[in-house]
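Participant: My questions all concern the structure below.
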Amino acid sequence: MRASKPEPTDRARSAPTPERIARAWARAMAGTSYVSMSRRELHSYLSGLASRLLSAATAETFEPSVGYEVGAALVDAHFTLPTSLDRTLCVLAEQLSGAGTPARASALQSALAAGYAQALRDRTLAEQEEIRAAAMLARSEAEAARWSSEARFQAVFAGAVIGIAIADIDGSIIDVNQTTCDMLGYTPAELRQLAVERFIHPDDAPGVRDAYQDLLRGEREHFRLEKPYYRKDGQAVWTDLVVSLIRDQEGQPQYVVAMIEDITERHHLQIRLRHQALHDPLTQLPNRTLFFERLGQVLDDAEEDARVGVCYLDVDGFKMINDTLGHDMGDYLLLGVARQLHSKVSGPGQLVARTGGDEFVVLVERSAGPEQLVAIAEAALTAIREPVQLGGHEITVSASVGVVERAADTTSATELMKAADTTLHWAKRDGKNRWALFDADRHAHEVAKFELSASLPAALERGEFLVEYQPLVRLLDETVMGVEALVRWRHPKLGLLGPDRFIEMSEETGLIVPLGQWVLGEACRQAAAWQRQYPEIDLVTSVNLAVRQVQDPGIVDVVSAILSETGLDPAKLQLELTESAVMGTAGRPLQTLNALAGLGVRLAIDDFGTGYSNLAYLRSLPVHSLKLAGSFVAGLRPPDSPDPVDKEIVATLIKLAHTLHLTVTAEGVETPQQAARLRALGCDTAQGWHYAMPGAAEEVIALLNPRSTSDAPTLDAPTLDATTVDVTSGSAAPKSAPATNGRRPGAAPDGVAVPTSTVGTASS
Amino acid sequence: MDRRPTWAPEDVDVERPSIARVYDYYLGGSHNFAVDRAFADRVLRLMPGTTTAAQANRAFLRRAVRHLCEIGIRQFIDLGSGIPTAGNVHEVAHSVDPTTKVVYVDIDPVAYAHSRAILADDPHTTVIRADLRQPAEVLADPQLREQIDFDRPVGVLLVSVLHFVSNEERPADIVAGYASATAPGSHLVISHASVEGTTEASSEALDLYKRSSANVVTRTAKEVAGLVSGLSLVDPGVVQLTQWRPESPDETTSWEEIPVLAAVARRE
């Protein structure tokens, strides 16, 4: 650094003043160091120092230490950069030359330099000391803060009732607390030797490993799950685990912290509750819920072509055992059955469950085919037939089993069990103590029948039923002496249905009563119409009465009401009753029959010979006629020679009837031979396709139009000879031809026999 | 445990240069370590004017504080106060009124420790350690609130610190955070590294800062005005540091020599 420019010589020669020195000094010092003074303050400060220096230079007694003090004062004012000293010495060398002796000036400057150096050295050392002390203080404070933070952390860590474990991102366990150690049965040192990987449990949820990897990559901050750990002793500990990521200052994953809560008890309680919810408390077998859960799983998880099966088992007569031996014994029996089933038919892939009171089910998860299921059903039945000791009694029970086996992808749990239920009922209905295998055709048939049965009442409401009539022919002269009214159902989808399709089920449901009444009313109305239209014809209309109708207490009133309503002559009505309706053990049938007979109607016993008629009783009945069962008449049908036994029976029955003054009607007469043979045996009346199919009222009346003959209507037998139909009696053959003009073509395409010649003149 | 999780308190690291101690060195102080001086010397080789700029910055601080004292402000918050050195705020203020309250705020643990050691016996000064980028936390400090009465005007000093705050840290919001907490009549004092006057060499020096200690963001006069947009600039507005109310006209220097802006703004 260059010294400042010397002052002009004329001024140098004059005596220096503090002011002059300060001006030059301040100018030279500007910017050399940082001093916190304004220019005026600086000038004033330096002026003071200059004054002291001048005084020292010119004093009587020279004190060079003033220079030393001024040097120190410069440092004190924070002229701490060496340039400040440099400039000072240059300025003073010139400014002090006019004051005192050169020796004094030189001494003052030397002292100033020494004082400055000493002060700067002191200041530097002091500041260094201060900053070092500050750093140490800062450090010790940070240390204390860290210590208290760590102490806090250690207290939390050590005292926490949940386990805490810290691992690095390589999977090494760095630290664990005592709770973790207690929970897992290791010492801290042992745990630190283990990798996190070691604690993966086979029961861990599938996503756990991925979640952990995501965490290590920093893609998630934490995850939570319930998971089991193996203790050192091999026992499982169930835990609620929260794993969190700790990042370093740059945000990179650094540590993984696991918070582990022991929930083993809760877990076991859950398991126990679940077990209770899914098992039957009596037998400890899986219950209905578990069974359906498992079945659902099996169906959901089924591979292609997989088959599944169930044996649905019900103890036969269990209610009786319960009722007679008491519920305790009943329970004991069920327990025995459960044990037998459990030991004999349960196994891998074969779940035995108790689904209801005395109902058990075996689920075969992977069926090899119906044979396997049947074998299991057999085994179950055998197991159940083992005698059981019950309160000192040895009791043997049986069971019925419904077996269903089908492709897993074509069924649902509900369908399967519905089918099993149906099949179990088949086994029961077929006689119990057996198995039944589900049969789709049988089931379909039953369903159709059920549906038909269910739609009967509505069909009656809608007027879907109609009545046809089949002539009853006097064998002696082959004149039509009556008709039998036969009901038909014009089903909107299935077409015309004969009584064999619906009478039995309507008897089961009880609909036979209103249906029969409707038929009776309809037939009587028609008969009355005929009676008015053709008063000269003596025609009996025969109507069937079902057992339930006869048993109905109001039947007499009903018949009476219909007769008076229609105006039909009671003598023109014949009621056909079955043997079972007539031969009831109670007194009521006889009263009913007497009352009906009292109305003046004829009574006939239908299908005579198929029941077990009490012949002595028969004698006292107010019956007018017997109708021979078609099975006997069928024996007379073979063209070459009749069945000798049937022939003899028919002959005997006719003889018996005649002995009792009853007339005899043969049903199902289909051939001229039959007619001839019956006539030869003395049978009075016949009906059947040999004479005429059942037909609509107007068709039937055409056969006996009084204008065709002056006498009673006659069927021209020869015309019927070639027209027999090989269908069972009573079933309705389709009748496509309209009967609008009361005429039907002879030898119709459907093979229906009609007396064309007689009818041919009818409309002319 | 050899490896300590990051939630443990930080170390006091004297192996890295500290902004506060490096600044002390520029001002001729010895409150610094070899690492600070080595860093400062590298900056000085690129920007020899730094010493002058530091002195000028200190002189601005003195002028601004004096000005505020003259208009009656008797309490100051010096944010990013650094190492106490000659001409500290309380010295300047106390030369006017010895009861003036001053709170020094710095995050540097050593600067904080040193400031406390120096000011321990002064009842009118307080030192707190806090991050000036968190106004709410700073203003909630109980020691600060004990010293400062927010119902009266405050001088908030942000001298040579805002250029260490990046735009992402929203410096205007930080400034507003302080301004909104103070009473009308309060003043904000700002000095800030300027875009204007920044040379290639000084850019290199700023890079040096960026690598070693703190990122420096230079801003334009307009941007600095934007930082105090809700306040009224006191004359002469945002100007080059030495031109802010110089004691005499010949004391001003060029942009090239001292590329620093200064402003004082008043809360109305």
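Participant: Toward the positive end of the charge dipole of region A:482-557, about the Cα centre and with charges on Cβ (Lys, Arg +1; Asp, Glu -1), which of A:489, A:549, A:499 goes farthest?
Facilitator: Looking along the dipole axis, the top candidate is A:489.
Participant: Under the rule of at least 5 residues apart or a separate chain, name every residue whose amide H is placed under 5 Å from the amide H of residue A:497.
Facilitator: Counting only residues 5 or more places away or on other chains, the set is A:489, A:490, A:491.
Participant: In whole Hz, with x marking every Gly and Pro, tabulate ³J(HN,Hα) for region B:33-46 from phi via Karplus 6.51 cos²θ - 1.76 cosθ + 1.60, θ = phi - 60°.
Facilitator: Once θ is set to phi - 60°, the couplings for region B:33-46 become 10, 3, 5, 5, 5, 5, 5, 4, 5, 5, 5, 5, 5, 7 Hz.
Participant: Rounded to the nearest 20 Debye, what is the dipole magnitude of region A:98-249 about its Cα centre when Lys and Arg each give +1 and Asp and Glu each give -1 at the C-beta? Display every interim value, and only then the final one.
Facilitator: On the way: 17 positive and 23 negative charges, 148 e Å.
It works out to roughly 720 debye.
Participant: Here's another thing I want to ask about it. From the phi angles alone, apply the Karplus equation (6.51, -1.76, 1.60; θ = phi - 60°) to region A:83-92 and give each ³J(HN,Hα) in whole Hz, x where the residue is Gly or Pro.
Facilitator: 4, 4, 5, 3, 4, 4, 5, 5, 4, 5
Participant: Also: Could you work out, residue by residue across A:142-154, how many beta carbons of other chains sit within 10 Å of that residue's beta carbon, and then give the average as an integer?
Facilitator: Mean number of neighbouring Cβ atoms from other chains: 3.
Participant: Working from Cα positions, state the angle (0 to 90°, nearest 10) between the long axis of helix A:264-278 and the longest principal axis of chain A.
Facilitator: Orientation of helix A:264-278: about 10 degrees from the principal axis.
Participant: Quick check: from the Cα gyration tensor, does region A:474-698 come out rounded (a/c under 1.5), prolate or oblate?
Facilitator: Details: a/c = 1.42, a/b = 1.25, b/c = 1.14.
Cα axes put region A:474-698 in the rounded bin.
Participant: Right, here's the next one. Counting Lys +1, Arg +1, Asp -1, Glu -1, what net charge surrounds residue B:141 among other residues with beta carbon under 13 Å of its beta carbon?
Facilitator: On the way: positive: B:129, B:145; negative: B:106, B:131, B:137, B:146.
Around residue B:141, the surrounding residues sum to -2.
Participant: Each residue of region A:214-228 in turn: what ³J(HN,Hα) in whole Hz from Karplus with 6.51, -1.76, 1.60 and θ = phi - 60°, glycine and Pro shown as x?
Facilitator: Values, residue by residue: 4, 4, 5, 7, x, 8, 8, 8, 6, 8, 9, 7, 9, 8, x Hz.
Participant: For chain A, take the longest principal axis of its alpha carbons; what is the angle in degrees between that and the long axis of helix A:65-76, to the nearest 10 within 0 to 90?
Facilitator: 20 degrees
Participant: I've got another one for you. What does the average come to when, for each residue of peptide B:30-40, you count the partner chain Cβ atoms lying within 10 Å of its Cβ?
Facilitator: Shielding by partners across B:30-40 averages 3.
Participant: Which trypsin sites (Lys or Arg not before Pro) in region B:167-268 pass both tests, a DSSP loop state and at most 10 other beta-carbon atoms within 10 Å?
Facilitator: Working: sites: B:210, B:211, B:219, B:222, B:266, B:267; in loops: B:267.
Answer in residue order: no site qualifies.
Participant: Below 27 Å, Cα to Cα, which lysines can residue B:222 reach? Residues fewer than 8 away in the same chain don't count.
Facilitator: B:210
Participant: Turning to a different aspect of this structure: Put +1 on the Cβ of every Lys and Arg and -1 on every Asp and Glu Cβ in the protein assembly as shown; which of A:48, A:558, A:346 then has its Cα farthest towards the positive end of the dipole?
Facilitator: So the residue we want is A:48.
Participant: How much of the DSSP beta bridge set in region B:19-266 is antiparallel, as a percent to the nearest 5? Don't jump to the answer; show the numbers that get you there.
Facilitator: Values: 11 of 30 bridges.
The answer is about 35 percent antiparallel.
Participant: Nothing charged except the Cβ atoms of Lys and Arg (+1) and of Asp and Glu (-1): what's the magnitude of the dipole of region A:160-268 about its Cα centre? Round to the nearest 20 debye. Could the numbers behind the result be given before it?
Facilitator: Numbers: 11 positive and 20 negative charges, 22 e Å.
It comes to approximately 100 debye.
Participant: Sticking with this structure for a sec: Amide H neighbours of residue A:433 under 5 Å, counting only residues 5+ apart in sequence or on other chains, H built in-plane at 1.01 Å?
Facilitator: Those lying under 5 Å, H to H, from residue A:433 are A:399, A:400.
Participant: Evaluate the charge dipole of the protein assembly as shown about its Cα centre and quote only its size in Debye, nearest 20, assuming +1 on the Cβ of each Lys and Arg and -1 on the Cβ of each Asp and Glu. Write out the running numbers ahead of the final one.
Facilitator: Numbers: 97 positive and 137 negative charges, 531 e Å.
Computed charge dipole of the protein assembly as shown: roughly 2560 debye.
Participant: Please state the shape class of region A:135-262: rounded when a/c is under 1.5, otherwise prolate if a/b exceeds b/c and oblate if not, all from the C-alpha gyration tensor.
Facilitator: Values: a/c = 2.43, a/b = 1.50, b/c = 1.62.
Oblate is the answer for region A:135-262, as a/c is 1.5 or above yet b/c matches or exceeds a/b.
Participant: Something else about it: Expressed in nm², what is the orientationally averaged projection area of the convex hull enclosing the Cα positions of region B:118-244? Display every interim value, and only then the final one.
Facilitator: Numbers: hull surface 37.2 nm².
Projected over every direction and averaged, the Cα hull of region B:118-244 covers 9.3 nm².
Participant: Among A:93, A:254, A:180, which residue has its Cα furthest toward the positive end of the charge dipole of chain A, with +1 on Lys/Arg Cβ and -1 on Asp/Glu Cβ?
Facilitator: With unit charges placed on the Cβ atoms, the residue in question is A:93.
Participant: Count charges around residue A:355 for me, please; just the other residues with Cβ under 15 Å from its Cβ, Lys/Arg as +1, Asp/Glu as -1.
Facilitator: Neighbourhood net charge equals -2.
Participant: A further question on this structure: Quick one: which residues, 5 or more positions from residue A:307 or on another chain, have an amide H under 5 Å from its amide H? H modelled 1.01 Å from N in the peptide plane, none for Pro or chain starts.
Facilitator: Here the answer is A:367, A:408, since their amide H atoms fall under 5 Å of that of residue A:307.
Participant: Ok, one more. Between the DSSP loop rule and a limit of at most 10 other Cβ atoms within 10 Å, which trypsin sites (Lys or Arg not before Pro) in region A:479-517 are left?
Facilitator: Numbers: sites: A:488, A:490, A:493, A:501; in loops: A:493.
Taking region A:479-517 and a limit of 10 other Cβ atoms within 10 Å, the loop trypsin sites (Lys or Arg not before Pro) found are A:493.
Participant: Past 26 Å, Cα to Cα, is the threshold; run A:432/A:493; A:428/A:449; A:572/A:627; A:493/A:627; A:432/A:627 against it and keep the listed order. Please list the in-between numbers first.
Facilitator: Details: A:432/A:493 37 Å; A:428/A:449 19 Å; A:572/A:627 17 Å; A:493/A:627 34 Å; A:432/A:627 38 Å.
Violating the 26 Å Cα-Cα cut-off are A:432/A:493; A:493/A:627; A:432/A:627.
Participant: Please compute the Kirkwood hydrodynamic radius of region B:19-266 from all pairs of different C-alpha atoms, in Å with one decimal.
Facilitator: On the way: mean 1/r = 0.0555 Å⁻¹.
Hydrodynamic radius (Kirkwood, Cα pairs) of region B:19-266 is 18.0 Å.
Participant: Could you pull out the longest piece of chain A with no exposed loop chymotrypsin sites (Phe, Trp or Tyr not before Pro) in it, calling a site exposed if DSSP puts it outside H, G, I, E, B and it has at most 16 other Cβ atoms within 10 Å?
Facilitator: A:63-611
Participant: Once each part is reduced to its C-alpha centroid, what is the distance from region A:442-510 to region A:272-288 in angstrom?
Facilitator: 52 Å
Participant: Write down the percent of antiparallel bridges among all DSSP beta bridges whose residues are both part of the protein assembly as shown, to the nearest 5. Working shown, then result.
Facilitator: Working: 82 of 126 bridges.
In the protein assembly as shown, DSSP labels about 65 percent of beta bridges as antiparallel.
Participant: Follow-up question, since we're still on this one. Other chains' Cβ within 10 Å of B:14-21 residues: what's the mean? Write down the numbers at each step before the final one.
Facilitator: Working: counts 6, 0, 0, 0, 1, 0, 0, 3.
Counting Cβ atoms of other protein chains within 10 Å of each residue's Cβ and averaging gives 1.
Coordinate-derived values only; no laboratory data. All of these numbers come straight from a predicted model, not from anything done at the bench. As a convention, Cβ positions derive from the backbone with ideal geometry for all residues, glycine included, and neighbour counts pool all protein chains shown.
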